[in-house]
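Quick notes on the structure that follows.
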């Protein structure tokens, strides 16, 4: 018997992707998947792509989860803190929600509201020193999907003194699965297909998370909903603080990372190439006209932006090779 | 008999949209549509949406075009100058290509190459004083589709002294029809669906046009190909130079314009709402974290970005009401 | 002042398309648009494509509608009968719902349930003799969108004795707007994009309507939801009862119809060519291997399948040219 | 060192999917990937989703391929026979092209033309007795993607005497990757998105293959191009020859097959659930009105319809468990 794993909130899109990854993981054994309104349903009635997985959704209650060695929380933002507080200290937890990401209680209050649950170890292994902290942690806060994309593009440039942290401008577009599975009119296929629509312009809740982990001090972030199921493409620009080659800085920073790929010169990231894989693709240049640094990052919001990242973190927490059960390869076209 | 109209290069996407608009125009009578490789084909064999239009593509030669009162040139960039030079002075021409947009010969050389044909009257009626110039012109250079979107978002803010012209950052995504109808692998549906891909990052040929007409002096512009047939969404940010409300500036600038709509507060432009119409939607705010001005603009790249704009310019050139044969309403969903 | 028009249930997709068509109609003047939960909202808050239409949704109550000369009912199936019964006899009504389509009360009971409201004049002008009946009617039941597509493909072949009526097999795929605007999980963009899904296999409520109007006596109809906002493509097959050319039969039947186009040989209908227009495209052949007749029909489910058809019917009811305010041209790409 | 594998024609879509599957296969070691015009390019320049695979495309010449234990031919139809003839008898070959599928030389001549290369063992392991034949073969002809879908839906019903073989009607829609990667105008994203288009109506080259393997004697097959990258949905109808439950027949036929899933009653196959997996989903019913049997089948044309199937066949040819390196799970949404 391997490591016993439970997934709470497994009826959503990130939950479904987690179940898929766990089904192919050689060390993690799924013992429980819980859901709220769909408790009692077979997994593949809710996730028809998981055909043949013989299991039924349980209720999301602490007792069921407490028997696992590892619990993934894939609940709506604001719901994981209360549940996590009821789980034994010995159970390792990766929270895919936002509850434990922010160290700054006032930022939490501004953007999410409600009581601040306190920060856990931040689950982005590619940040300097972070692998060690994750490996030592029993509680890890997985990154947000936008945040992961933008931080991976930006953090090394600020850390290297190549980019000014005070005037970062980001426009990032996401596929619809990032908005979740709740039935909302503006997420209907009829509304989304053929459409690009910005949202939360001027004030997005991911801004404090991005600043906290990237070192940015001034950030304009505009998110856009794009007509595709998965994928985030972030265009990140910043003023340079010297004459360094931004691509070289990124290539150095991620030279040993199996899941962050700085593409060869002349090739730019695009989302389809990351679909289904645990991989972030990066490329950078200096804008001819403005002199700004431009970094483009792409990843699968359900992969390296959520479920893949969560498995990567869990691998570290259990001392497994970081790549266990994960592939950087995308499913394209 | 109304005004006799010819369309050169009518087998492409902008050409097809022009033919559709002309079919519903009460004063313009299509007498000739020309094409290159598809000369001799019925219009609706090439444009199956134009079912029932009884006409055959002619060869693109000056003699045929010279008999019209009005010629639209919808040719690939670099091909209209030579043809236009062979048409009589009395024929009014709207060029949808780039050949006559740039006043600066060196910018033309840098981004397009080949001899510079010289600038014609710039066909964006919403710029201050431009309606009068267009009405007096016999030669008008229609805007580029990206350029129209970005200039409409930006020019009033710079003109009003509300936005700093030297540090403008734009990320704009376009539907695929903006890339034309030539068969290229990267434009195949299998490649594009589910994908967002940036291109010409760091140096795009529309930069000089945007700067020339908007007043921007420093511009970082990143274009992205989006998985939809039509539509451009531009996110334009600039540092403020005071404390003005950017939405109010735009609303004032476009108060009398029938085809530019500053949306009510709280509603943001999105591309689907502009599909098939001759309309640009705008909204603006001040970013909470960075203080930057953010303007979002949406239009149909084949409508207000190309064919609709061209008809609007032609209306002015013939002293017709600007809205003749045009509607701002979109075809949605 | 022209003919005063009201649209009840104008917040849905068919309602929005009706409002768009009415805005360009030279004889029909929109005086009232009603909605249920969105009463009090501006039209363009609900339909952002209708930018600039200055009107607010009223409550859907008989008093408001009774003041119009012409009322379009674009309500959910089962809701129009009660409302129609409260409107004065002198008001002309086109019902876009299913309530008054079926002559057979037991078929109504089997597929829809609830009391049968009785049949109105069937609103498909291209059926033999139907134009005259519609012109004389004050109450017209607009066709269903699938039904219109399939009937136009099939009825002339059965009427001409070319196709056996007892073994018709239809597979038809529809864009998502045909499923309405209610927020349902299976209609989310994340579920629909990249997906083809059959539904109501083996028993669809449109079967009796199709049989009633086409002459089919045995019909296997499988509908499929397709990843596009609009459009229906129906593949209709039947055993031949002789050696006639099915295309010739269709061409003869629709020779004088402005909105049904039998394409030239070798060209097959596809949905994009019909988007936004009031047009049904048809083509037919005999299958080499099986000898079956195959007819393919395409139309825009919101155009010739709903709102366009409704305006066409209303034109006839008011003695206007059938094509008033309507175009067969599509908006493509 | 495991089994040495070469892929010829690996620059196309099926080739790319094969490379992805081989990268995760524990026994097959990719030693060579060949391409025509892209020889010399890194794999991930052509297939950006295969990021990090360090290999360069070789020329497609026999010498290179002859060193492998197993060769997959993923060449355009008509090109594999000549190449295969030059490979040593001891090399096992799976041909993903059509060259060796048909036993009937005249059917080959009618639909493909050119010399008939002769039939190889047909690579659909789920047909009765076929696993044993594949395991014993050194040459296997992989199925066509449409053919696999339709045969899996139909063959057990005809074999069981439940469906009449002489009047089968099929409408099947495919994602665009089934049409290959060559740049053609009608496959451009601008043409395909929002569009359903039938093609080869009345005479499709897959008809003889479907008849040969399913037992059908009369088949009307209409293929439709759908706006999605992957997936085939086939609606297969036939007259019943008794009163059997078609679902029960299928469930019995595939009870032991790991990659064919007859869904629980009430759930219908849809393509997205099969994306990226090696799986065919089936459901069946009897049509209420016509009495026809209706079977719906879905699979990923690049998965169980091509590359996944090829690996499944190769597993059998090398005595490996049939499921080695393959998963039935889909990547959804």
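Only one of D:65, D:75 is away from chain A (no Cβ under 14 Å), more than 22 Å from the chain's Cα centre (by Cα) and surrounded by 23 or more Cβ atoms within 10 Å (Cβ to Cβ). Can you tell me which?
D:65
From the set of residues in the stretch C:144-173 that are in a loop (DSSP other than H, G, I, E, B) and in contact with a helix residue (DSSP H, G or I) (Cβ under 7 Å, 6 or more places away or on another chain), which is nearest to the other protein chains (Cβ to nearest Cβ)?
Selected residue: C:165.
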* **Hey, residue D:190 more than 28 Å from residue D:253 (Cα to Cα), buried (at least 24 other Cβ atoms within 10 Å of the Cβ) and either at pLDDT below 95 or away from chain C (no Cβ under 11 Å) (or both) or not** => no
* Structure fact -> Checking A:38, A:86 in turn, the sole residue that is surrounded by fewer than 19 Cβ atoms within 10 Å (Cβ to Cβ), more than 30 Å from residue C:196 (Cβ to Cβ), without any contact (Cβ under 8 Å) to a residue 40 or more places away in the chain and in contact with a helix residue (DSSP H, G or I) (Cβ under 6 Å, 6 or more places away or on another chain) turns out to be A:86
* Asked: Do we have residue D:166 as surrounded by fewer than 24 Cβ atoms within 10 Å (Cβ to Cβ) and either over 30 Å from residue B:272 (Cα atoms) or modelled with pLDDT of 95 or more (or both) here?
  -> yes
* Test result for residue D:221, within 12 Å of chain C (Cβ to nearest Cβ) and touching a strand residue (DSSP E or B) at 6+ places or on another chain (Cβ under 9 Å) -> yes
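More than 19 Å from the chain's Cα centre (by Cα) and modelled with pLDDT under 95: is that true of residue C:161 in this structure?
Here the answer is no, as residue C:161 does not meet what is asked.
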* To do: For the stretch A:238-249, state whether one or more residues are at pLDDT 95 or above, within 8 Å of another protein chain (Cβ to nearest Cβ) and surrounded by 23 or more Cβ atoms within 10 Å (Cβ to Cβ).
  => no
* Asked: So, of the residues in the stretch C:1-14 that are more than 12 Å from chain B (Cβ to nearest Cβ) and not in a loop (DSSP other than H, G, I, E, B), which turns out to be farthest from residue C:46 (Cα to Cα)?
  -> C:3
* Quick one: how many residues across the stretch B:30-74 are over 17 Å from residue C:262 (Cα atoms) and either outside the structural domain of residue B:88 (by TED's automatic domain parsing) or not in a loop (DSSP other than H, G, I, E, B) (or both)? -> 18
* Structure fact -> With criteria (1) on the phi < 0 side of the Ramachandran plot; (2) touching a residue at least 24 places away in the same chain (Cβ under 8 Å); (3) more than 9 Å from chain D (Cβ to nearest Cβ), residue C:184 comes up short on (2)
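Just to check your reading of the model, which residue among C:178, C:161 is in the same structural domain as residue C:296 (by TED's automatic domain parsing) and at positive phi?
Details: C:178 fails: at positive phi.
None of the others qualify; the one that does is C:161.
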* Return the only residue of B:47, B:25 being crowded, with 24+ Cβ neighbours inside 10 Å and at pLDDT 95 or above. => B:47
* **Counted residues, the stretch C:281-324 - those being within 11 Å of chain B (Cβ to nearest Cβ), in contact with a strand residue (DSSP E or B) (Cβ under 9 Å, 6 or more places away or on another chain) and in a loop (DSSP other than H, G, I, E, B)** => 2
* Residue count for the stretch A:112-147, restricted to those that are in contact (Cβ under 8 Å) with a residue 40 or more places away in the chain and in contact with a strand residue (DSSP E or B) (Cβ under 7 Å, 6 or more places away or on another chain) -> 13
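Residue-wise test of (1) surrounded by 24 or more Cβ atoms within 10 Å (Cβ to Cβ); (2) over 16 Å from the mean Cα position of the chain (by Cα); (3) at positive phi; (4) assigned by TED's automatic domain parsing to the domain that holds residue B:92.
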| site | (1), (2), (3), (4) |
| --- | --- |
| B:257 | no, yes, no, no |
| B:265 | no, yes, no, no |
| B:272 | yes, yes, no, no |
| B:277 | yes, no, no, no |
| B:280 | yes, no, no, no |
| B:284 | yes, yes, no, no |
| B:291 | no, yes, yes, no |
| B:296 | yes, yes, no, no |
| B:311 | yes, no, no, no |
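The values are calculated or read from the model by the stated rules, or taken from the named source; none is laboratory data. These figures come from a predicted structure and were not determined experimentally. Glycine also receives a Cβ, built like all others from the backbone with ideal geometry; neighbour counts cover every protein chain displayed.
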